[in-house]
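Accompanying notes for the structure given below.
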Amino acid sequence: MDQVTVGIPTKGRYHLLAHTLQSVALQTLKPKHVMIVDDSEPGIDMRTSEVHQNMFHLLSARDIDWEVIWGRKLGQHFSHQLVQDRAQTELIWRIDDDEIAEPDVLEKLVRHFKDPKVGAVGGLVIVPPPLPRPANADNVIRDLSLPNLQWFKAPQAKHSPESNILELLKVEHLTSTFVYRKGIAKFDLSLSPAAHREETIFTHEIFRAGYELLVDASATTWHFRSPVGGIRAHGQAEFWEGDEAKFQARMREWGIEREQTKLVIVDAGRGDHCLVKSLIPELKERWGKIILATCFPEIMAEDGVEQISIAEAKYRMGNIDWANPYRKAIEWNWKGPFIDVYRKIYDLKGGEICHSKKDEASQPLAVTSASFTKVKPTRRREESSGKSEPISKQSPQPTLLPEGLKEKKGAAVAHRAPFAFRAGSDPVMDADLHGP
């Protein structure tokens, strides 16, 4: 039961991946096998990178087998399912490529699987510096607007020295990184490359199969939440919106009655906050419960509406370009009062009258970051709103070599299988991998 496969999907985060690999290699409970599924565009042969080569040598020195697989570039959910399909162990530890696990995380999570009723266990997944847990934090599926229990440090008063468990909680879904039993559920491959809600759906399917989901608050993984790469490489708002619609449909299939909640994002200046403040009665009438993501919470403080930071909104939703009124005003060739842009974004009356089909057809579907910054610079950004590369249609076949590597007879790369290279295939000893 102690044997574990580690799955690490990665995309455009080679600079952080090495830290993740080091944290995996130095676990007090050594995993049996590490699979890195690389969706980066373009990909590199990490054996030619000194820092990654050192990490591979460290894994080998710790008797941990490893391999790198070129992914299908269809999203991390495809990579996670590939890991589950190929794993030879009952337990799989999924960890993101911008996370660092403390040395005892795997040992602490795996100990709970002695109970056959346990299907998946996660720890705390904290963005430094850690914040205290809000009183309303909970991982219940019917209300995902609540703060996630795993994002905050646990109350110290609940520490139990006898069991070395700070706190053990039963939940209905897990986030980001956790250990799970192979074969209970599959990842939803109908989601977009952004794979919004993929781990929520996956872990709740394990819960629905009759297994327990646990959060062990004594196990901490630090999440550096890279603003680039990973799911944040997919900037298309339609990906996130489409995935959210699929998730809502899945909720209905599950028969879960969920209180309707609308997240209203005001990632702009004080003037915009005053505009949205005037719309709060309309927003409540249209959506019922609303949550405001704001830069200037003091402006909304008297309205009795729950507020979160812009950073938390990005953490929950990923890409939030769909809520940028200046970007949308350009996209829609807006002609009327600016407040009606907000009305259109949030489907309020009055937001449908200020642009025409003719004007809309003449405009591009997106604007450049340069034209956006000329329109309205904002006072504060927790993360860069940098450019995103457009997603092209991908071949359904795995890409076995990254761009620039030539296929050559006798090379170490096994071209009949989806892996790229593994422990034992060293470019120093196999110079012909790169061709003449």
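Only the coordinates and a few stated rules stand behind these numbers; no lab work does. For clarity, every value in this text was computed on a predicted model and none was experimentally measured. When we count neighbours, we look across all protein chains shown, and the Cβ atoms used for this are built from the backbone with ideal geometry, even at glycine.
So here's what we get for this one:
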item: Order by protection proxy (mean Cβ within 10 Å, highest first), peptides 195-205, 300-310; result: 195-205, 300-310
item: Debye equation applied to the C-alpha atoms of the stretch 4-234, log10 I(q)/I(0) at 0.11, 0.18 Å⁻¹; result: -0.52, -1.48
item: Length-normalised contact order of the stretch 4-234 in % [C-alpha pairs under 8 Å, at least 6 apart]; result: 27 percent
item: Per-residue Cβ neighbour rank within 10 angstrom, fewest leading, 334, 254; result: 254, 334
item: In order through the stretch 95-109: 3J(HN,Hα) via Karplus (6.51 cos²θ - 1.76 cosθ + 1.60), integer Hz, x for Gly, Pro; result: 9, 7, 7, 10, 10, 10, 8, 4, x, 9, 4, 4, 4, 5, 6
item: Built amide H within the under 5 Å cut-off of residue 34, gap 5+; result: 6, 65, 66, 67
item: Burial ordering of 80, 15, fewest other beta-carbon atoms within 10 Å first; result: 15, 80
item: The stretch 1-73 - convex hull of the alpha-carbon atoms, volume per residue in Å³; result: 76 Å³
item: Under the Karplus curve 6.51 cos²θ - 1.76 cosθ + 1.60, θ = phi - 60°, whole-Hz ³J(HN,Hα) for the stretch 277-283, x wherever Gly or Pro sits; result: 4, 5, 8, 4, x, 5, 4
item: Likely footprinting exposure, 247, 239, fewest C-beta neighbours within 10 Å first; result: 247, 239
